[in-house]
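Student: Sharing a structure below in structure tokens format, with a few things to ask.
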Amino acid sequence: MITRRQVIGSGLAGGALAGLGPMGSAFARSKDPRFVFVLLRGGMDGMAALPPYGDPGYERARGELVLEKAVKLDETFGLHPNLGRLKPYWSRGELAVAPAIATPYRDRSHFDVQIVLETGLETPKPNSDGWLNRVIAQTGHEAVAIGHTVPQILNGQAPVTSWAPPRMPGASPTYLESLSKLYARDQNLSEAFEAGLRARNLVEMRDDAGQMNKNFGKKGSRPKLHDLARAASHFLRDPKGPRIAVVDSAGWDTHANQGTLEGRLARQLLFLGQALDTFKGELGQVWDDTVIVAATEFGRTARINGTKGTDHGTGGAAFVMGGAVKGGKILGEWPGLSGKGLYEGRDVLPTADIRGLCAAILLNHMKLDDQIVFGSAFPGLADRAVLGQFV
Amino acid sequence: MSLYSYVALRRFGFGPTPGQADTIRDPQGWLHNQLTIGAERAHGLSDTALRLESSRERLDRLMAARRATGKAKMTAIDEMKKTLFREAASRMMRASHSNAPFYERLVWFWTNHFTVAISAGGLMGLAGVYEREAIRPNILGKFEDLLLAAVRHPAMLVYLDQAQSIGPNSQAGKVNHKGINENLAREILELHTVSVHGGYTLQDIQGLAKMLTGWSVANDRYMRFADKAHSTRQGFAYYPVNHEPGEKMLLGRSYSAIDGYEEAEKALRDLARRRDTARFVCTKLARHFAGDRPPGSLVKALIDSYVDTGGALKPLYRILIEHDAVWEKPMVKYLQPLELIVSTFRALADYEDWPRGRDILVKLGRKEAYGMITSADLLGQFPYDAKSPQGWADIAEAWRAPEATVVRAEWAYEAGMRSARRLEGNPVHLAEQLLGPLLDGPTRRFMERAESRGEAIALMLASPAFQHR
């Protein structure tokens, strides 16, 4: 049976969008693939996370927010110093970055574009299910949402576990047991409660050093992103656990005083770097079978605004990491920061579609059928938009 | 000790205080009496006592905050956060202390229908005042008047980007090269009136958006451009120079005969009277009071009334009070976190110690009022913080995620353990006073066998009977 994958592989001429190409047949053979989606809400400033220091227009665009230091990736791009711990991953080929990627929807409203990012459609349909839920509804994969609520990307018919670090001292086990029995007659409540308890037990048992509970039990301490990464890892490395995790991270909307090497955005990037760096250690052997995507709804304006920040933009940065990644490369072409190269004269022009990035992972890493990817997860996505050669 | 007194208190109100059900001999009469304008103040907590300002005052401070930079801006944002907390805490206090809890519940319902959420930064200062000014006073009249009050409030105009929407062919549009923002028009159609099933197209959204140009927020700098005839105290202003000229169509009707401010007002009133709006609004109401899959007979009765009266709201509430379907089953709705918090507060609060006087929240010593806010955050429903203009979902699935049920159980445990010392007497007796005939055998037995009084109270709070209404 000829699948679309093979057709694409058979000599597509280099099209308008560079950075794509025939899909390599030598992708890493993942035995039991895991997938993590880290959702960065608020519009992460790609040009701060992945400064294009080699672009002649960079300094003029960024004015006083130009980064004096960066960790070099190649002749054009660097990493913000607070993401410096990701450089070894780049060197080892376990990290790839997309500097000008976006959803297919051209708008700058947080909730609309987040909806598009999470539903996999081309326009915002707030009542739609999430693309990842549509996938697992067909594959039967288990998925876990790290956070108090299940984000829209995982909303839908297929049931999903959720877990959040406990912010209260634990309740007595006798009490919880009594409740279990009391809830037995209410099927919906009972199912939910039992699943919640199971998730709690899974995470708590997993922690050998008792580290996690110590941190969370502290009054007033809010869990950091790396704690959530650790929790996700614990779920994923359990052979009986879920294969898919979604981690939610907020606070990326930096309109004012975003800072450079220090400041609000620098802190966010530090947390992101710590979180992404946590996965490898915590996943253990499963790391080789894992792909992690960190993506945001849109990037920000190339030029800074009047309040030392940036406004909502279009093309942004995404990170792809994991033992199963063939990295050390830039995904998608960099359109440049010259006036004409900017989208609507203000934003980084997107040259890659975030759906294309995720589709490549679903097809080549998760080994899913074309029907699931093009028919269900991302209806309307064109074959040629699938990014190649990194997984 | 009729079952119906408990249902009236729990399903229509926010739950009883211990023994309150015994004082209600005529549950339906008790509810009918709450549908009066006076009910708006039946909580005994005036805006002055709570130190809450009006929109205009808030807007002026917001504008100043926008213009500020550096440290002054940080201070301004800090102040807005404090305002938000004060508004949120006041809201919880009012719901907890109202003698007309049915009225309060309806206010929450409509505020949710016309959601203005704080997710967009500047709205921290406006979400609470929006509820107080646009929603509270207008829930007993006609839907179209409530719709207009909500849409014309500065909070809504800012939330859905209407304040910056300018007709490209208007006087201002031709000079500034700014454009129309369709957000408000889209949400009015999709979320406030005819809903996604209303059969509107992109052209309809654009038509309504064009009609709405000029509808904006009062701004001292541009006051001379505003048409004074349409300015409101809350801060609505109509700027004719922003209004897009020309013919506009909406759902098959042309609005070219009128122009200016009246266009959009007429369009909104027309939308309010459409059958699709009746269907949408009445189904939501029925769902809120009779269960996630509301009985068809109730929905039909509500729709018929709406259509007959041109959208009068009070008759709808009277139908809810009188219709059998709303009283048939003892437990139909899983409590949302805010409802649970208020109902827990009412169940456990120390009413002897209720202070009087100015700035009640200060007298309460932050603890109680703000304790409710911390709980709201923990349980995942911070007031005014719905994640989208759709508002909070009114179905059990939205609130019953596995993790969420465990968090509730832990929260109930905390609440139970903390109140055990203060609440004397047998916890089972307390449960009888709060749940009456809704207290089931298993809950009673587990409470009796609990390891401690605190655990017994916790079991009551976490029991299916207490977690549903």
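Student: Give me a count of the residues in segment B:53-89 that are outside any helix (DSSP H, G or I), open to solvent by less than 80 Å² (accessible area, probe 1.4 Å) and free of Cβ contacts under 8 Å to residues at least 40 places away in the same chain. Even if it seems obvious, please write down each step before you answer.
Tutor: If we filter segment B:53-89 for residues that are outside any helix (DSSP H, G or I), which is where we start, we get B:53-54, B:68-69.
If we keep only those that are open to solvent by less than 80 Å² (accessible area, probe 1.4 Å) as well, we get B:53-54, B:68.
Filter again for free of Cβ contacts under 8 Å to residues at least 40 places away in the same chain, leaving B:68.
Residues flagged as outside any helix (DSSP H, G or I), open to solvent by less than 80 Å² (accessible area, probe 1.4 Å) and free of Cβ contacts under 8 Å to residues at least 40 places away in the same chain within segment B:53-89 amount to 1.
Student: Being surrounded by fewer than 17 Cβ atoms within 10 Å (Cβ to Cβ), within 26 Å of the chain's Cα centre (by Cα) and among the aliphatic types (A, V, I, L, M) narrows it down to one residue among B:Val299, B:Val307, B:Val326; which is it?
Tutor: Numbers: B:Val299 fails: surrounded by fewer than 17 Cβ atoms within 10 Å (Cβ to Cβ); B:Val326 fails: surrounded by fewer than 17 Cβ atoms within 10 Å (Cβ to Cβ).
The unique qualifying residue is B:Val307.
Student: Can you pull out the residues in segment B:374-390 that are among the charged types (D, E, K, R) and at the interface with chain A (Cβ under 8 Å from one of its Cβ atoms)?
Tutor: Correct list: B:Lys387 only.
Student: Separate question: Looking at (1) within 10 Å of chain A (Cβ to nearest Cβ); (2) within 30 Å of B:Ala127 (Cβ to Cβ); (3) surrounded by fewer than 23 Cβ atoms within 10 Å (Cβ to Cβ); (4) modelled with pLDDT of 90 or more, which is the one condition that is false for B:Pro442?
Tutor: Of everything listed in (1) within 10 Å of chain A (Cβ to nearest Cβ); (2) within 30 Å of B:Ala127 (Cβ to Cβ); (3) surrounded by fewer than 23 Cβ atoms within 10 Å (Cβ to Cβ); (4) modelled with pLDDT of 90 or more, B:Pro442 misses just condition (2).
Student: Out of all the residues in segment A:297-333, which are open to solvent by 50 Å² or more (accessible area, probe 1.4 Å) and in contact with a strand residue (DSSP E or B) (Cβ under 8 Å, 6 or more places away or on another chain)?
Tutor: Residues of segment A:297-333 that are open to solvent by 50 Å² or more (accessible area, probe 1.4 Å), as a first pass: A:303, A:306, A:308, A:311, A:326, A:329, A:333.
A:Asp311, A:Lys326, A:Lys329, A:Glu333 - these are the residues of segment A:297-333 that are open to solvent by 50 Å² or more (accessible area, probe 1.4 Å) and in contact with a strand residue (DSSP E or B) (Cβ under 8 Å, 6 or more places away or on another chain).
Student: Determine whether A:Thr254 is crowded, with 20+ Cβ neighbours inside 10 Å, farther than 25 Å from A:Arg34 by Cα and of a type outside the set (A, V, I, L, M, F, W, C). So that I can check it myself, show each step before the final result.
Tutor: Details: crowded, with 20+ Cβ neighbours inside 10 Å: yes; farther than 25 Å from A:Arg34 by Cα: yes; of a type outside the set (A, V, I, L, M, F, W, C): yes.
Answer is yes for this residue.
Student: While we're looking at this one, here's another question. Mind checking which residues of segment A:41-55 are aliphatic (A, V, I, L, M) and in a helix (DSSP H, G or I)?
Tutor: Step one: list which residues in segment A:41-55 are aliphatic (A, V, I, L, M), which gives A:44, A:47-50.
Result: A:Met47, A:Ala48, A:Ala49.
Student: Still on this structure: Which one of these does B:Glu455 not meet: (1) part of a helix (DSSP H, G or I); (2) more than 9 Å from chain A (Cβ to nearest Cβ); (3) touching a residue at least 12 places away in the same chain (Cβ under 8 Å)?
Tutor: Every listed condition holds for B:Glu455 apart from (2).
Student: Could you say which residue among B:Glu79, B:Glu104, B:Glu57, B:Glu40 is out of contact with any Ser or Thr (no Cβ under 7 Å at 6 or more places or on another chain), of a type in the set (Asp, Glu) and within 22 Å of B:Leu285 (Cβ to Cβ)?
Tutor: Working: B:Glu79 fails: within 22 Å of B:Leu285 (Cβ to Cβ); B:Glu104 fails: out of contact with any Ser or Thr (no Cβ under 7 Å at 6 or more places or on another chain); B:Glu57 fails: within 22 Å of B:Leu285 (Cβ to Cβ).
The match here is B:Glu40.
Student: Taking B:Asp270, is it in contact with a strand residue (DSSP E or B) (Cβ under 7 Å, 6 or more places away or on another chain) and open to solvent by 10 Å² or more (accessible area, probe 1.4 Å)?
Tutor: Working: in contact with a strand residue (DSSP E or B) (Cβ under 7 Å, 6 or more places away or on another chain): yes; open to solvent by 10 Å² or more (accessible area, probe 1.4 Å): yes.
For B:Asp270, the condition - in contact with a strand residue (DSSP E or B) (Cβ under 7 Å, 6 or more places away or on another chain) and open to solvent by 10 Å² or more (accessible area, probe 1.4 Å) - is met.
Student: Given A:Asp277, A:Asp289, A:Asp227, which one is open to solvent by 40 Å² or more (accessible area, probe 1.4 Å) and either in contact (Cβ under 8 Å) with a residue 60 or more places away in the chain or within 14 Å of another protein chain (Cβ to nearest Cβ) (or both)?
Tutor: On the way: A:Asp289 fails: open to solvent by 40 Å² or more (accessible area, probe 1.4 Å); A:Asp227 fails: open to solvent by 40 Å² or more (accessible area, probe 1.4 Å).
Result of the check over A:Asp277, A:Asp289, A:Asp227: A:Asp277.
Student: When you scan segment B:391-439, how many residues do you find that are within 13 Å of another protein chain (Cβ to nearest Cβ), charged (D, E, K, R) and in a loop (DSSP other than H, G, I, E, B)?
Tutor: 1
Student: Then there is this: Please enumerate the residues belonging to segment A:334-350 that are under 20 Å from the mean Cα position of the chain (by Cα) and open to solvent by less than 20 Å² (accessible area, probe 1.4 Å).
Tutor: A:Val348
Student: Related question: In segment B:173-204, what residues are away from every other protein chain (no Cβ under 13 Å) and either modelled with pLDDT under 90 or on the phi > 0 side of the Ramachandran plot (or both)?
Tutor: B:Gly173, B:Lys174, B:Val175, B:Asn176, B:Lys178, B:Ile180, B:Gly199
Student: If a residue must be within 16 Å of B:Leu202 (Cβ to Cβ) and either at pLDDT below 85 or not β-branched (Val, Ile, Thr) (or both), how many such residues does segment A:109-125 contain?
Tutor: Qualifying residue count for the region: 5.
Student: For segment A:177-192, name all the residues that are at the interface with chain B (Cβ under 8 Å from one of its Cβ atoms), open to solvent by 30 Å² or more (accessible area, probe 1.4 Å) and among the hydrophobic types (A, V, I, L, M, F, W, C).
Tutor: none
Student: If you don't mind, there's one more thing I want to ask. (1) part of a helix (DSSP H, G or I); (2) crowded, with 24+ Cβ neighbours inside 10 Å: which one isn't true of A:Phe374, the others all being true?
Tutor: (2)
Student: If the requirement is being of a type in the set (A, V, I, L, M), open to solvent by less than 80 Å² (accessible area, probe 1.4 Å) and within 19 Å of B:Ile118 (Cβ to Cβ), which of these qualifies: B:Leu50, B:Leu35, B:Leu45, B:Leu31?
Tutor: Values: B:Leu35 fails: within 19 Å of B:Ile118 (Cβ to Cβ); B:Leu45 fails: within 19 Å of B:Ile118 (Cβ to Cβ); B:Leu31 fails: within 19 Å of B:Ile118 (Cβ to Cβ).
That would be B:Leu50, the only listed residue that is of a type in the set (A, V, I, L, M), open to solvent by less than 80 Å² (accessible area, probe 1.4 Å) and within 19 Å of B:Ile118 (Cβ to Cβ).
Student: Now a separate question. Is segment A:197-210 home to any residue that is modelled with pLDDT under 80, within 11 Å of chain B (Cβ to nearest Cβ) and open to solvent by 70 Å² or more (accessible area, probe 1.4 Å)?
Tutor: Initial filter on segment A:197-210 (modelled with pLDDT under 80): A:200-210.
Narrowing further to those that are within 11 Å of chain B (Cβ to nearest Cβ): A:200-201, A:203.
Adding the requirement that they be open to solvent by 70 Å² or more (accessible area, probe 1.4 Å) leaves A:201.
Taking every residue of segment A:197-210 in turn, at least one turns out to be modelled with pLDDT under 80, within 11 Å of chain B (Cβ to nearest Cβ) and open to solvent by 70 Å² or more (accessible area, probe 1.4 Å).
Student: If you don't mind, another one. Give just the number: which of (1) crowded, with 19+ Cβ neighbours inside 10 Å; (2) in contact with a Leu (Cβ under 7 Å, 6 or more places away or on another chain) does A:Gln268 not satisfy?
Tutor: Looking at each condition in turn, A:Gln268 falls short on (2).
Student: Which one of the conditions (1) buried (at least 21 other Cβ atoms within 10 Å of the Cβ); (2) over 26 Å from B:Gly311 (Cβ atoms) does B:Val194 fail to meet, given that it meets all the rest?
Tutor: B:Val194 satisfies every listed condition except (2).
The values are calculated or read from the model by the stated rules, or taken from the named source; none is laboratory data. Everything numeric here is computed off the predicted structure, so don't read it as measured data. A quick note on method: Cβ atoms are made from the backbone with ideal geometry, for glycine too, and the neighbour counts reach across all protein chains shown. In case anyone asks, the SASA skips ligands and DNA or RNA and just uses the protein heavy atoms, side chains included. Shrake-Rupley method; radii C 1.70, N 1.55, O 1.52, S 1.80 Å.
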